[in-house]
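Take a look at the structure below.
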Amino acid sequence: MNLELTLSSLVLKAVNELYGITAEPNQVQIQKTKKEFAGDLTIVVFPFVKAARLSPEHTGQQLGEYLQKNNVLITDFNVIKGFLNVTINKSYWITILQQIHTNTTFGIIEAEKNAPLMMVEYSSPNTNKPLHLGHIRNNLLGHSIAEIQKANGWKVVKTNIVNDRGIHICKSMLAWKLFGNGETPETSGMKGDHLVGKYYVTFDQKYKAQVNDLIKKGISEEDAKKSASLMVQAQQMLLAWEQGDNEVRQLWETMNSWVYSGFDQTYRQMGVSFDKIYYESQTYLEGKHEVERGLNLGIFYSREDGSVWANLTSDGLDEKLLLRADGTSVYMTQDIGTAKLRYNDYPINKMVYVVGNEQNYHFQVLANLLDKLGFEWGKSLVHFSYGMVELPEGKMKSREGTVVDADDLMQEMIETARETSQELGKLDECTASEINQISSMVGMGALKYFILKVDPRKNMTFNPKESIDFNGNTGPFIQYTHARIKSVLRKANDQHIDFSTLNINVEISEKEGYLIQLLTEFPAVIRQAGEEFSPALIANYIYDLVKEYNQFYHDFSILKEENQDVRQFRLVLSDSIASVIKTGMNLLGIEVPERM
RNA sequence: GGUCCCGUAGCUCAGCUGGAUAGAGCAACGCCCUUCUAAGGCGUGGGUCAUGGGUUCGAAUCCCGUCGGGAUCACCA
């Protein structure tokens, strides 16, 4: 039984015996004692002062005396205003540390055989352009959430829905066909996804020129956009694609294969992966079937032009298009199909979509439509809605060329890490491949931590002109602390110091006791991060821990400590902290080096 | 216009299921390497928690209004 629960029930007993009231467990508020006061845990006494008919100070005093008398772990207490601060026996903390140190999966709950299954969809790229900073946030969140849920005992299937078809794909295909002169990744030396992206931009430029010409000829902007020949051709291409036209399909497969090899490279660098990938081209027909079924059931209706709609106004939503007049499908259509196929493929208990908050409405509608179509899990889907990454001047706009490319950014981070190591002379004794490995870890660590430490629900700002920091509240700071601990442990090992056992009665400082207390919070942090879908909670926790540890490291010596028991204790403490750093950072998808 | 989200130090962010004097990092300034990795530690300055009300013993946190910013309501995805 953990300390807080023990204390909590003891407080309930105390108020019952002292004041004759039966308090609810949630009235007992126990929190960590603020640093400026003596004590480990604080009980808020305000909820009981009425029943006690005493001043808050008096009530606190009485409760404190009762607690100390009835719990051997409490060695001392003090009351400030209405706050009762209790001090816990140091040997208790040492016992706890011993347990943590010997527990190789501290904080982690491994999935049991019959554990529930969570499917996490993330990434979901379009195959018409390379990944950018927005995708990075999505991928890092998706990967981290999957890891966190695994650590909370779920079975997790990571999935990706690739938007490999649709009008936008046809645009880059058409532009390549018209203006590409047969260019390939090989002939151009470009990464496949970047090459295809180039033609998507080409389409946009040429199309805009056509529209402007038409407007100059006196055609309205609206009509010009519809009748520009590039748009008409793209729509014809989409239709040809849906009808299985050989030539179009071949071009499509070729260009998509270029994109996939580019994406693979990006995903590898990012350190993310998937257990099962769905392709829109393989799910949209299922979606169409479902829409037609809904139409037959009278859930949906068709308009005169043949388009199919859902009327959701009675649910507070709008009317939603599900099939265009020409019979081609839209985003929503395929999402319905994909959902159905997934539930056929896996015994899903919880479906999580990691998708930006700009699509909040889309998922409201999706849940509603699935529900209407009779899927009982429709309403229970989770849209893990995260905020946008913005530049100081606002949203990234591909048309204005302000998009931060994922590959470029990752490369820059790794280069910066390499240069920094070199300037500081940190890796002078390492081989070239070690230097590569560590630079990659540190550069990616800086990027990942920068993104994951902020509350996922909130929009965040990224300033490309100021490179991501390596000092302070950053990934490298945490990695560095880990490396320093590992260095000490290596030296202990060289000196054949065995620290497998602890003397429970060793004298420890406040700081050391506090570090153990922090360690004990780790499992609860993982639980909460899972419940709230927030990697940021883990990031912030690890930062607090590391900051405290660095103060300890500065103020106390470990290997030079003469008292053997104390030295053992500090080694065990450091080792345990290194483990928690590593586990926590791994939950964020960040690796930690042995040296840096 | 309807719906939803956000506003905390110069900048980037914590804190938000109500609790003590609102915390970090960056930036600025000043200290600390003959001592286990200075990517570190210590210190100084910096706040009307957008704003006005309300609930409460107690509000950055909960409720209502106002102002400011954003998202969305597409035969885009």
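Among the residues of the range A:383-424, those identified as within 13 Å of RNA strand B (Cβ to nearest atom) and of a type in the set (A, V, I, L, M) are A:M388, A:V389, A:L391, A:M396, A:M413, A:I414, A:A417, A:L424. Taking the numbered list (1) out of contact with any Gly (no Cβ under 6 Å at 6 or more places or on another chain); (2) away from RNA strand B (no atom under 12 Å from the Cβ); (3) closer than 19 Å to A:K32 by Cα in turn, A:S579 passes all entries but (3). Applying the criterion of being more than 11 Å from RNA strand B (Cβ to nearest atom) and among the β-branched types (V, I, T) to the residues of the range A:261-320, the residue that is surrounded by the fewest Cβ atoms within 10 Å (Cβ to Cβ) is A:I277. Here are some conditions: (1) modelled with pLDDT of 95 or more; (2) within 30 Å of A:K198 (Cα to Cα); (3) crowded, with 17+ Cβ neighbours inside 10 Å. A:V403 meets all but one. Which one does it not meet? So A:V403 meets the others, but not (1).
Selection within the range A:236-259: residues that are crowded, with 17+ Cβ neighbours inside 10 Å and out of contact with any helix residue (DSSP H, G or I) (no Cβ under 7 Å at 6 or more places or on another chain). The member of this set that is nearest to A:A406 (Cα to Cα) is A:N256.
When we screen A:E65, A:E4 for residues that are among the charged types (D, E, K, R) and within 34 Å of the chain's Cα centre (by Cα), the only hit is A:E4.
Quick one: would you say A:T87 is surrounded by 19 or more Cβ atoms within 10 Å (Cβ to Cβ) and either under 24 Å from the mean Cα position of the chain (by Cα) or within 16 Å of RNA strand B (Cβ to nearest atom) (or both)? Yes, satisfied. Taking the numbered list (1) over 17 Å from A:T254 (Cα atoms); (2) out of contact with any Lys or Arg (no Cβ under 6 Å at 6 or more places or on another chain); (3) not in a loop (DSSP other than H, G, I, E, B) in turn, A:T104 passes all entries but (3). A:E376 passes every criterion in (1) in a loop (DSSP other than H, G, I, E, B); (2) away from RNA strand B (no atom under 12 Å from the Cβ); (3) under 30 Å from A:G262 (Cα atoms) apart from (3).
In the range A:300-335, which residues are in a strand (DSSP E or B) and modelled with pLDDT under 90? Steps first, please.
Residues of the range A:300-335 in a strand (DSSP E or B): A:300-302, A:308-311, A:319-323, A:329.
Within the range A:300-335, A:S329 is the sole residue that qualifies.
Residue pairs whose Cβ atoms lie under 7 Å apart, separated by 6 or more positions or on different chains, with the first residue in the range A:459-484 and over 16 Å from A:T420 (Cα atoms) and among the β-branched types (V, I, T) and the second within 6 Å of RNA strand B (Cβ to nearest atom) and not in a loop (DSSP other than H, G, I, E, B), are A:T481/A:N550. Scanning the range A:142-169 for residues that are closer than 23 Å to A:G197 by Cβ, within 16 Å of RNA strand B (Cβ to nearest atom) and either of a type in the set (D, E, K, R) or not in a loop (DSSP other than H, G, I, E, B) (or both) gives A:N160, A:I161, A:V162, A:N163, A:D164, A:R165, A:I167, A:H168, A:I169. For the condition within 14 Å of RNA strand B (Cβ to nearest atom), among the small types (G, A, S) and surrounded by fewer than 17 Cβ atoms within 10 Å (Cβ to Cβ), A:A325 qualifies. Counting the residues of the range A:330-353 that are touching a residue at least 12 places away in the same chain (Cβ under 8 Å) and away from RNA strand B (no atom under 14 Å from the Cβ) gives 13.
Tallying residues that are buried (at least 17 other Cβ atoms within 10 Å of the Cβ), among the hydroxyl-bearing types (S, T, Y) and within 12 Å of RNA strand B (Cβ to nearest atom) within the range A:12-58 yields 2. Does A:L366 satisfy the condition of being surrounded by 18 or more Cβ atoms within 10 Å (Cβ to Cβ) and not assigned by TED's automatic domain parsing to the domain that holds A:Q479? Against the criterion (surrounded by 18 or more Cβ atoms within 10 Å (Cβ to Cβ) and not assigned by TED's automatic domain parsing to the domain that holds A:Q479), A:L366 qualifies. Only residues that are without any contact (Cβ under 8 Å) to a residue 40 or more places away in the chain, in a helix (DSSP H, G or I) and within 43 Å of the chain's Cα centre (by Cα) were counted across the range A:14-48, and they come to 6.
For the range A:458-482: of the residues being polar (S, T, N, Q) and within 6 Å of RNA strand B (Cβ to nearest atom), which is nearest to A:I577 (Cα to Cα)?
A:N473
Filtered by the rule that a residue be part of a loop (DSSP other than H, G, I, E, B), near RNA strand B (Cβ under 9 Å from one of its atoms) and of a type in the set (S, T, N, Q), the range A:514-569 gives A:S534, A:S557. Of the set (1) more than 11 Å from RNA strand B (Cβ to nearest atom); (2) in a helix (DSSP H, G or I); (3) in contact (Cβ under 8 Å) with a residue 60 or more places away in the chain, all apply to A:L489 but (1). For residues that are within 7 Å of RNA strand B (Cβ to nearest atom) and among the hydrophobic types (A, V, I, L, M, F, W, C), scanning just the range A:439-457, find the one that is surrounded by the fewest Cβ atoms within 10 Å (Cβ to Cβ). In this case the residue turns out to be A:V454.
Highlighted here are the helices (runs of 4 or more DSSP H) found entirely within the range A:195-298 that include at least 2 residues which are closer than 27 Å to A:L369 by Cα and of a type in the set (S, T, N, Q): A:280-297.
Annotation note: of A:E562, A:E532, A:E548, A:E594, the sole residue that is among the acidic types (D, E), under 15 Å from the mean Cα position of the chain (by Cα) and surrounded by fewer than 22 Cβ atoms within 10 Å (Cβ to Cβ) is A:E532. Does A:E594 fit the bill of being more than 14 Å from RNA strand B (Cβ to nearest atom) and either part of a helix (DSSP H, G or I) or not small (G, A, S) (or both)? No: the conditions fail for A:E594. Considering the conditions (1) at negative phi; (2) touching a residue at least 24 places away in the same chain (Cβ under 8 Å); (3) in contact with a helix residue (DSSP H, G or I) (Cβ under 8 Å, 6 or more places away or on another chain); (4) not small (G, A, S), A:T87 is excluded by exactly one of them, (3).
Is there a residue in the range A:547-556 that is among the acidic types (D, E) and without any contact (Cβ under 8 Å) to a residue 60 or more places away in the chain? Scanning the range A:547-556, I find at least one residue that is among the acidic types (D, E) and without any contact (Cβ under 8 Å) to a residue 60 or more places away in the chain, so the answer is yes.
The values are calculated or read from the model by the stated rules, or taken from the named source; none is laboratory data. Everything numeric in this text was worked out from a predicted model, so none of it was measured. Heads up, the Cβs are rebuilt from the backbone with ideal geometry, glycines too, and the neighbour counts pull from every protein chain shown.
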